[in-house]
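A.B. asks: Structure in structure tokens, see below.
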Ligand code: SF4
């Protein structure tokens, strides 16, 4: 089983925290779609006959392009790959772009999961991070999506934002719970190089919230969603039973995926590929069949680091069988030796299936734990 990701690199405006590749110039939508259709054709053997179980439209803002263009991309997947009967097709949408006609068309072309970039119910916070929608638009968008019959809806939230008080955050969580949706992705703000919010921080125009405040916001998130039967199945993801994102879960299960479009990443089990992060270069290179990506084969140590990184992000954790089946004794011993101090201090536990799992409260500091388990040379 494998997944296909389409990157749609257009945004109406740029949010100040975002470092995903996108452009606000929409003139090249037709050329991009043509190039992505061609890339699917060029790379139809990349997944070596794996059955496709997920298609994901991310960005950028896929809801900015017409459902007709999304349909063309879905159709080309059907034409070139074997498809699982329970195919999950997700599209990321901005609340501002949603109307009932568009949602009905998504339904008609087979999109069965909608991921809404809601981020916050606080209008001051939304304006601070330069989102183009407000809380009222989010409520309206969810209502339209539900009225169209969607029963697999996810929303994205952000916390850890300067000036976001615990009270404001609780209010956003409570309003999100009232939506009665099935999935939530909640990310702590990170100050990425090159973003506007990072330059504001460097110029001391804004301050980061303290570690204690960040941790309190994370804890509140875990506590509230647990109370409403959401399973915290990955560091930033919560779902009702059977509503985990199949697409993202496949990344964490080390499955293969094909990324189409500028800046999209692919993985075939042995190597990674990164498409060029430029719309113009991508289109030109695809049209003239020139190289448009970088490619790297993973050595054993890199494969081990990948497995540690993806498995310890989830509540399933690392199975000792995966470690034994995939890696030699030296690598197994490296893990067993380095994990000891975390077993001793209780930050990692062995669950009843024998899997190594970082405890929920320590997921918040999991970057440090995970990198400490890596093989670095
Ligand atoms: S967060 Fe989404 S909408 Fe905002 S700039 Fe990034 S890709 Fe565009």
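A.B. asks: Quick one: count up the residues across the range 1-10 that are surrounded by fewer than 21 Cβ atoms within 10 Å (Cβ to Cβ) and either more than 16 Å from the ligand (Cβ to nearest atom) or in a loop (DSSP other than H, G, I, E, B) (or both).
C.D. replies: 1
A.B. asks: Next question. Would a scan of the range 130-147 turn up a residue that is within 14 Å of the ligand (Cβ to nearest atom) and in a strand (DSSP E or B)?
C.D. replies: So far as the range 130-147 goes, no, none of its residues is within 14 Å of the ligand (Cβ to nearest atom) and in a strand (DSSP E or B).
A.B. asks: With respect to the numbered conditions (1) at pLDDT below 95; (2) assigned to a helix (DSSP H, G or I); (3) more than 30 Å from residue 238 (Cα to Cα), which one is the sole condition not fulfilled by residue 377?
C.D. replies: Here residue 377 meets the rest and fails (2).
A.B. asks: Moving on to the next point. As an exercise: evaluate residue 16 against (1) outside any loop (DSSP other than H, G, I, E, B); (2) near the ligand (Cβ under 9 Å from one of its atoms) and give the number of the one condition it does not meet.
C.D. replies: Every condition holds for residue 16 apart from (1).
A.B. asks: Let me ask another. Please name all residue pairs, on different chains or six or more residues apart, with Cβ atoms under 9 Å, provided the first residue is in the range 84-100 and is under 20 Å from residue 136 (Cβ atoms) and the second residue is in a strand (DSSP E or B) and more than 13 Å from the ligand (Cβ to nearest atom).
C.D. replies: That search, which allows pairs on different chains as well, returns 93/114; 98/114.
A.B. asks: Residues to consider are 250, 186; find the one that is in a helix (DSSP H, G or I) and buried (at least 19 other Cβ atoms within 10 Å of the Cβ).
C.D. replies: Only one candidate qualifies: 250.
A.B. asks: Separate question: Please go through the range 307-352 and pick out each residue that is part of a strand (DSSP E or B) and crowded, with 18+ Cβ neighbours inside 10 Å.
C.D. replies: Correct list: 314, 318, 348.
A.B. asks: Which members of the range 109-127 meet the condition of being touching a residue at least 40 places away in the same chain (Cβ under 8 Å), more than 16 Å from the ligand (Cβ to nearest atom) and out of contact with any strand residue (DSSP E or B) (no Cβ under 6 Å at 6 or more places or on another chain)?
C.D. replies: 109, 121, 122
A.B. asks: Moving to a separate point now. Which pairs turn up if I take residues in the range 217-236 that are assigned by TED's automatic domain parsing to the domain that holds residue 184 and look for partners that are loosely packed, with under 14 Cβ neighbours inside 10 Å with beta carbon separation below 9 Å, at least 6 apart in sequence or on another chain?
C.D. replies: 218/361; 219/361; 222/361; 224/174; 229/241; 231/241; 232/226
A.B. asks: Would you check if residue 125 is under 18 Å from residue 189 (Cβ atoms) and part of a helix (DSSP H, G or I)?
C.D. replies: Here the answer is yes, as residue 125 does meet what is asked.
A.B. asks: Applying the selection to the range 107-132, what residues are within 17 Å of residue 59 (Cα to Cα) and surrounded by 16 or more Cβ atoms within 10 Å (Cβ to Cβ)?
C.D. replies: 111, 113, 114, 115, 116, 117, 118, 119, 131, 132
A.B. asks: Restricting the first residue to the range 128-150 and requiring it to be closer than 11 Å to residue 93 by Cβ, which pairs with a second residue that is part of a helix (DSSP H, G or I) and more than 16 Å from the ligand (Cβ to nearest atom) meet a Cβ separation below 7 Å and a spacing of at least six or different chains?
C.D. replies: 144/100; 144/103; 145/103
A.B. asks: Next up: With respect to residue 270, is the statement that it is surrounded by fewer than 14 Cβ atoms within 10 Å (Cβ to Cβ), under 22 Å from residue 18 (Cβ atoms) and not assigned by TED's automatic domain parsing to the domain that holds residue 33 true?
C.D. replies: no
A.B. asks: Are any residues in the range 286-306 in a helix (DSSP H, G or I) and touching a residue at least 12 places away in the same chain (Cβ under 8 Å), and if so, which ones?
C.D. replies: Scanning the range 286-306 gives 286, 287, 300, 301, 303, 304, 305, 306.
A.B. asks: While we're looking at this one, here's another question. Name the single residue that is farthest from residue 85 (Cα to Cα) among those in the range 23-57 being under 21 Å from the mean Cα position of the chain (by Cα), within 16 Å of the ligand (Cβ to nearest atom) and crowded, with 21+ Cβ neighbours inside 10 Å.
C.D. replies: 57
The values are calculated or read from the model by the stated rules, or taken from the named source; none is laboratory data. What you see is a predicted model; the values in this text were computed from it and never measured. As a convention, Cβ positions derive from the backbone with ideal geometry for all residues, glycine included, and neighbour counts pool all protein chains shown.
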